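This report refers to the structure that appears directly beneath it.
The values are calculated or read from the model by the stated rules, or taken from the named source; none is laboratory data. Because the structure is a prediction, the values reported are computed rather than measured. Quick note on the areas: whole protein, heavy atoms, side chains included, nothing else; ligands and nucleic acids left out. Shrake-Rupley method; radii C 1.70, N 1.55, O 1.52, S 1.80 Å.
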Amino acid sequence: LALNSLGYQVNFYENDQATPLSWQRRLRGGLTTDMLFMNSRGGADEFGLVRGNVPAVDVPVLNTPVAIQFIHSYSMRAPADRSTVAGAWLSHGAYAYIGSMAEPYLAAFVPTLQVTERLVNFVPFIISCRWWIENSPFARPWRVSTFGDPLMLAPAPSRFEIKRITPPLDNQVDLRSQAANLMKIAVDSNDLATYTKAIEQLVLIGEDQLAIDFWQIARQHGAESAGSTTILGPLFRERQRRQFLVAWLAASNPDALDRDMLWHLYGSELTFETDPKIIDALAKNLRRRSRGIDLTRVAPYLARAQSKQVVRDLASAAMKNTKNKRATERYEKLLKEY
């Protein structure tokens with residue numbers, strides 16, 4: 001309440017709002033926030049919520065850049081590895097991150113309340129997450145790692161008004177004018193490549209809904225594959241699940257982030273009534289860093305929609321290409337079960 005009165009918009013989740021199921025449901029559409037403070041337990045590749053843990057692969061897709069204080073042991077042990085907690089956040093777009101590279105003891109972290117008190121008073125974010133010399137024996141660097149600009153501020157909106165100024169063109173390309181021109185040319189020429197360029201430009205300037213509308217126009221004019229990969233982001237953010245599947249089936253060369261969107265949109269809602277096309281898309285797009293987790297999640301539905309042999313074949317093939325003990329155990333369990 002105190003932070004809200006200062007102009008921040010704060011959402012607080014605990015108890016039944018912080019279970020693995022509630023977390024996974026919030027993955028749909030991605031996370032839109034400027035800052036995140038999280039207190040959990042676990043290791044480098046998972047974090048604990050109420051009544052269970054979730055793997056690092058369930059770190060949300062970020063719709064906006066975010067600064068994070070993650071009170072949790074080992075999350076920063078290998079930040080370049082996307083299969084770890086910090087690695088997943090950073091690869092999705094976190095630009096500032098406070099976390100531990102080993103067991104730091106809880107007292108090594110500055111309590112979130114004290115961090116926010118400092119932020120309100122114009123102390124930079126990363127410095128706010130460090131103990132002052134006279135306050136703690138953990139004031140010296142001690143297993144709590146930081147990533148980001150050490151002078152980045154996050155003051156209270158009521159105390160620091162930010163005015164957006166339209167930048168001058170300075171003889172540079174006006175992307176909005178360019179997008180409008182590309183849209184006209186695409187409709188006039190009915191050219192697949194130009195449709196794709198126009199959609200890419202609209203997504204680039206943040207016009208998600210307009211990009212979706214123009215993608216629909218392209219499809220109506222026979223250019224079904226135009227911008228299908230590019231439009232996945234806008235469709236995901238708008239939670240248009242049916243249209244996302246249409247685009248996915250026409251997309252070429254989806255990347256790791258696209259696969260995260262696919263799994264975050266459908267993976268937490270699988271039932272025996274789920275469209276077989278969705279189950280097939282998930283089975284064909286098991287993520288490299290979480291192949292065992294993904295296969296375990298989709299296996300019951302894949303076995304029913306296709307066959308148990310398909311599950312066994314995927315598990316056997318994956319087991320030959322991993323040296324990870326936990327992953328191997330998952331594959332062995334699947335082979336016994338199916």
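On a per residue basis, segment 162-309 carries 55 Å² of accessible surface, using protein heavy atoms and a 1.4 Å probe. Of 95, 331, 301, the residue with the largest accessible area leads and the full order is 95, 301, 331 (1.4 Å probe).
Is the shape of the chain rounded, prolate or oblate, going by the alpha carbon gyration tensor and its root eigenvalues a ≥ b ≥ c, with a/c under 1.5 for rounded and a/b larger than b/c for prolate? Oblate, because a/c is 1.5 or more while a/b does not exceed b/c.
Pairs over the 28 Å Cα-Cα cut-off, from the set 277/323; 277/308; 284/336: 277/323.
Coupling constants for segment 81-98 follow from the phi torsions by the Karplus curve (6.51 cos²θ - 1.76 cosθ + 1.60, θ = phi - 60°), and in residue order they are 9, 5, 7, 9, 4, 5, x, 5, 4, 5, 5, 7, x, 5, 10, 8, 8, 10 Hz; glycine and proline get x.
Suppose accessible area is computed on protein heavy atoms with a 1.4 Å probe; arrange 132, 215, 23 from highest to lowest.
Largest accessible area first, the residues go 132, 23, 215.
Result for the chain in a Gaussian network model with C-alpha springs under 10 Å: among 128, 136, 225, the largest mean-square fluctuation is at 136. Between residue 175 and residue 216, full extension at 0.36 nm per residue minus the direct alpha carbon distance yields a gain of 12.6 nm. Counting only protein chain heavy atoms and rolling a 1.4 Å probe, the accessible areas of 140, 176, 82, 77 rank, largest first, as 140, 77, 176, 82. On the chain, 52 percent of the accessible area sits on carbon and sulfur atoms, based on a 1.4 Å probe.
Between segment 1-56 and segment 265-338, the alpha-carbon centres lie 27 Å apart.
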